[in-house]
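Here's the structure, in C-alpha cells; my notes come after.
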Amino acid sequence: MEKRVTFKGIWLPLLLVLPQMLVTAVFFFYPAGQAIWQSLFIPDPFGLSMRYVGLGNFEYLLSNPYYRASFVTTAVFSILVTVLSMGVALYLAVLADRLIKGSGVYRTLLIWPYAVAPAVAGVLWLFMFNTRVGVVTWYLGVLGYDWNHVLNGEEAMGLVVVASAWGRISYNFLFFLAGLQAIPRSVIEAAAIDGARFWTRFRTIVWPLLSPTTFFLLVVNIVYAFFETFGVIHTITSGGPQQATTILVYKVYADGFVGQDLGSSAAQSVILLLIVGALTVLQFKYIERRVHY
Amino acid sequence: MFETPDLECRDISKSFDDFKAVKDVSFAVPPGTFFSILGPSGCGKTTLLRMIAGFQKPSSGDLLIKGRSVLDVPPNKRQVSMVFQHLALFPMMNIGANVGFGLRQRGVNRADIKRQVERVLDRVGLTGVADRPVDSLSGGQKQRVAIARCMVLEPDVLLLDEPLGALDLKLREHMKIELKQLQAEFNTTFVYITHDQSEALVMSDQIAVMNRGVFEQVGTAKELYYEPSTAFVAGFVGEANKFRARVQSLDAGVQMVTDQGQVLHGTAAGKALAKGDAVDVFVRPEAVRLSRDTALNGNAGQGRVENILFNGANSQLILRDQTTGAQMNVALPQTGEFRDLSVGDTVHFGWEPAQTRVYAGD
Ligand SMILES: Nc1ncnc2c1ncn2[C@@H]1O[C@H](COP(=O)(O)OP(=O)(O)O)[C@@H](O)[C@H]1O
Ligand SMILES: [Mg+2]
C-alpha cells in the first residue's frame, strides 16, 4: 500500500501540526464557541448585560415564519445555483473534452469569472440588469418585457442565482474537464465499437465514472451557495424585495448587525454550523466509499 | 485456396502532420488465421490497428473486410471487435453487463442477452461469474472477460492490441497458450499486435514484422526465424550474433572480411550484393558448434569463456574471440558435454557458411 513517513516520539509531529491548530483555534473554534455561548443569551438593548434563556433563541427562531421562509429561500437558491453552475460547466467541459486541442484558449477564457470577487461580480450583473440604465433591461424592454428585480421577487431571485452561478462555472469546469480526461480513452472507444452512440456512452460510461467528481462538486457548490454568495446578494438585492432573496447567511447579518438581535443571530450561526457539519460528514463518508475505481 | 480474405489492407498509409507512422502496408488475412504484427514500440502497430477498427482514417490506401471496402464504415458498423491494451472493461458494471453491453446496444432482448452472455462466458471457461464485479477477477480472468465481450458479438475479425502487456511473466506464458486455444475454439480471425517476439512466434499462423511503419516480412514463425529476408528481421526475431563486414568475392557463396579482419563465408539473403558492399552478418547462437581440442572447419575461431548464463535448456556461453576480440554468444549444447566449462577456459568454435546470413548493410 502507500508508504508513509512515521515519526518517533510525539514532539516533532506536534510541532508540525501546531501552526495549523493555532490558526484553526483562533479563526474557527474561538468564534464558533462564542457563537454557541451567545446563542444561549439575550443581551439587553445597550449590550450591558445578558439574560440566560437556554434554547429560547432557537425555539423562537424555529417558530418564526420569516426564518422558516428563509430556509425555503436558501434551499431554492442553493439548488438553482448548484444545478445551473454545474450543468453549464459540465456542458462546456464535455465540449472541451471533445476538441482538446483548442481547449487551451477556451480554458483560459473560462478561468476569468473565477478570478472576479463575488461583490464585483454582483456589481457587474447589477449594471447589466439595472432597472434604469442596464443594457439587458433595455433589450428586454425592446422585446416587450418589463424587467424590474427591485420589485419582482422572482426576477430578483433569478438575477442573484445567475450572478452567483456565473462565478462558479469556471471552477466546476476545471474539475469536470479533469474528471473527463481521467477517463481512459480506450474505455470510451470500447463502448463505441460495441455500438454505443454519444448519448448512450455518456449515460452508461462517462457519467458513472464521473460520479466522484460530480459528488464532490455538489457538496462544494452547495456550501458555496450557502455562504459565499453573501457578497452577490448584498450588492444586488440586499435580501429584498420583501426578503425574497434573504438566504440564511444574509439573515444572520441582517438580524445581527442591522437588527442588533445578537442572540438570535448567534443561534442562526449555530444552525448554519450544524448544516455545514452535516454536509461535510456526508461528503467524507461518500468519498471514502469512492463510488467507482 | 481462393477464399476471400477476412481482412485485407492495400497500400495503407497514415501520416500525422509530416510524420509517416504507417507506410504503404499491404497484407491479407485468410479466415480463421491467427495473424500477428510484431514490431518494436513506436513502429506504428497501434496506428495500423486503429485504422482497421475505424478509429482513425487512413491517409491513403484501401481496407477490406470480407472483400468489402470499409473506409466509409464507422467502427460500430464494421464486423470487427477489439481487445484494448489495458482491456478497457467497464469498472462500474458487473461481468455480465460488460459482456452483454454490445448486445444491449443492438437491442437484443433481455432473455437472449442473458443466454448468450452465459454461453460465451462458458466458452472462455468462466462459468457463473456474470453477477460478480469486474474487480473480483484475476488479471488472466479479466483477459478472458475482455475476449468474451468481443466474441459475444461474433465479429469477423478480432483485433488485439498487446493484451498481455499488463500481465506478469508467468501469467503471460500461460495466457499465450490459452489465447491460441481460444482462437482455435472460436475459429475467428485474430489480428494480434505485440512487441514480444516469443508471443508472436508461439501463437501465430502468420506473422508480419513491422519496423518504422513498414512491413519488413510476412511469413510463418519458422520462415521468419530460419529465413529472415531483411537484416532487421534477422536481428529482431530470435537471438543472433551480428558482425559488420565487407564483401571480398561472390564466386562460391559470399566471402567477406569483418571489421575485425576475420575472413568469413556466408549465404546471401535479401537484396543482391556486389563486391565491396558493406554487409551485416547474422549467426544464431544455436548454429555455433563447440570443441575443446580440435580446431573446427569453416567459419571458426578460438575463444575464451567470458561468462556462462545458465538457464536450463536455454543456457548460453559468452565467448571472446582470441584473434579478433569479437564477442560471440553460443547456445550451450543440451547433451551436458560442456557442463564443466568455466569462466577463463579456452574453446574452439565454428559454424557453417549456410547458417551465416549476409544482408546488404547501410
Ligand atoms: N494521434 C497521433 N498524433 C501524432 N503522432 C502519433 C499519433 N498516434 C501515434 N503517433 C505516432 O506514431 C508512431 C507510432 O505509434 P503507435 O502506432 O502507437 O506505435 P506502437 O503501437 O507500435 O508502439 C509513434 O511515433 C507515435 O508517436
Ligand atoms: Mg501500441
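Numbers below:
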| quantity | calculated |
| --- | --- |
| Length added when fully stretched, B:Asn311-B:Glu352, from 0.36 nm per residue minus Cα-Cα | 12.2 nm |
| For the pair B and A, total buried accessible area rounded to nearest 100 Å², probe 1.4 Å | 1600 |
| Gyration tensor over alpha-carbon atoms, chain B, equivalent ellipsoid semi-axes in Å | 46, 26, 15 |
| Whole-percent pair-distance distribution, where bins are 20 Å wide, for the alpha carbons of the protein assembly as shown | 14, 30, 27, 18, 9, 2, 0 |
| Among B:Ser13, B:Ser81, B:Ser69: highest mean-square fluctuation, GNM of chain B, C-alpha pairs under 10 Å | B:Ser69 |
| Apportionment of accessible area to carbon and sulfur, the range B:239-360, percent (1.4 Å) | 45 |
| Amide H within-cut-off set for B:Ile37, under 5 Å, with H built and near neighbours excluded | B:Tyr192, B:Ile193, B:Thr194, B:Ala208 |
| Kirkwood Rh in Å, taken over the range A:1-97 so that all alpha-carbon pairs contribute | 19.2 |
| Positive dipole terminus of the range A:58-288, leading residue within A:Asn130, A:Val258, A:Tyr286 (C-beta point charges) | A:Tyr286 |
| Mean accessible surface per residue for the protein assembly as shown, computed with a 1.4 Å probe while every protein chain stays in place, in Å² | 52 |
| Charge dipole (debye, nearest 20) of the protein assembly as shown; +1 at Cβ of Lys and Arg, -1 at Cβ of Asp and Glu | 880 |
| Interface residues, the range B:77-100 - accessible area loss of 20 Å² or more versus chain alone, probe 1.4 Å | B:Phe84, B:Ala88, B:Phe90, B:Pro91, B:Met92 |
| Gaussian network model of chain A, springs between alpha carbon atoms under 10 Å - residue of A:Leu272, A:Leu174, A:Leu282 with greatest fluctuation | A:Leu282 |
| Beta bridges by DSSP in the range B:7-234, antiparallel share as percent, to the nearest 5 | 55 |
| Per-q log10 I(q)/I(0), the range A:122-234, q = 0.16, 0.22, 0.24 Å⁻¹ (Debye; single scatterer per alpha-carbon; no solvent) | -0.82, -1.10, -1.24 |
| For the range B:28-145, average projected area of the Cα convex hull in nm² | 9.2 |
| Which of B:Arg246, B:Arg212 is most accessible, then next, and so on - probe 1.4 Å | B:Arg212, B:Arg246 |
| Amide H partners (placed H, <5 Å) of B:Glu216, local residues excluded | B:Val209, B:Met210, B:Asn211 |
| For chain A: Kirkwood Rh in Å [reciprocal of mean 1/r, alpha carbons] | 22.3 |
| Per residue convex hull volume, Cα atoms of the range B:167-209, in Å³ | 73 |
| A:Leu274, A:Leu217, ranked by accessible area, largest first (probe 1.4 Å) | A:Leu274, A:Leu217 |
| Percentage of interatomic Cα-Cα distances in the range B:293-362 larger than 16 Å | 53 |
| Cα-Cα P(r), the range B:239-360, percent of pairs per 5 Å interval | 2, 12, 22, 23, 17, 12, 7, 4, 1 |
| Probe 1.4 Å - accessible area at A:Phe230, Å² to nearest ten | 60 |
| Within a Gaussian network of chain A (alpha carbon springs, distance under 10 Å), most fluctuating of A:Ala244, A:Ala96, A:Ala196 | A:Ala196 |
| Calculated over the range B:186-272: convex hull of Cα atoms, volume per residue (Å³) | 119 |
| Accessible area (Å², 1.4 Å probe, nearest 10) - A:Leu95 | 60 |
| Cut-off under 5 Å, modelled amide H: who pairs with B:Val22 long-range | B:Lys14 |
| For B:Phe27, solvent-accessible area (1.4 Å; no DNA, RNA or ligand), Å² | 20 |
| Computed over the range A:129-191, the ratio Rg/Rh where both radii use C-alpha atoms and Rh is Kirkwood | 1.32 |
| Entries in B:Lys45/B:Lys77; B:Lys23/B:Lys170; B:Lys20/B:Lys170; B:Lys23/B:Lys222; B:Lys20/B:Lys142 that, when Cα-Cα distance is taken, lie over 28 Å | B:Lys23/B:Lys170; B:Lys20/B:Lys170; B:Lys20/B:Lys142 |
| Rounded to the nearest 20 debye, dipole of chain A from Cβ charges on Lys, Arg, Asp, Glu | 1080 |
| Principal axis box of the range B:1-79, alpha-carbon based, largest edge first, Å | 39, 27, 20 |
| Sequence of A:His234, B:His348 when ordered by accessible area, the most exposed leading, probe 1.4 angstrom | A:His234, B:His348 |
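The values are calculated or read from the model by the stated rules, or taken from the named source; none is laboratory data. Since the structure is predicted, the reported quantities are computational estimates derived from the model, not experimental observations. Cβ: placed from backbone, ideal geometry, glycine included. Neighbour counts: every protein chain shown. Quick note on the areas: whole protein, heavy atoms, side chains included, nothing else; ligands and nucleic acids left out. Shrake-Rupley method; radii C 1.70, N 1.55, O 1.52, S 1.80 Å.
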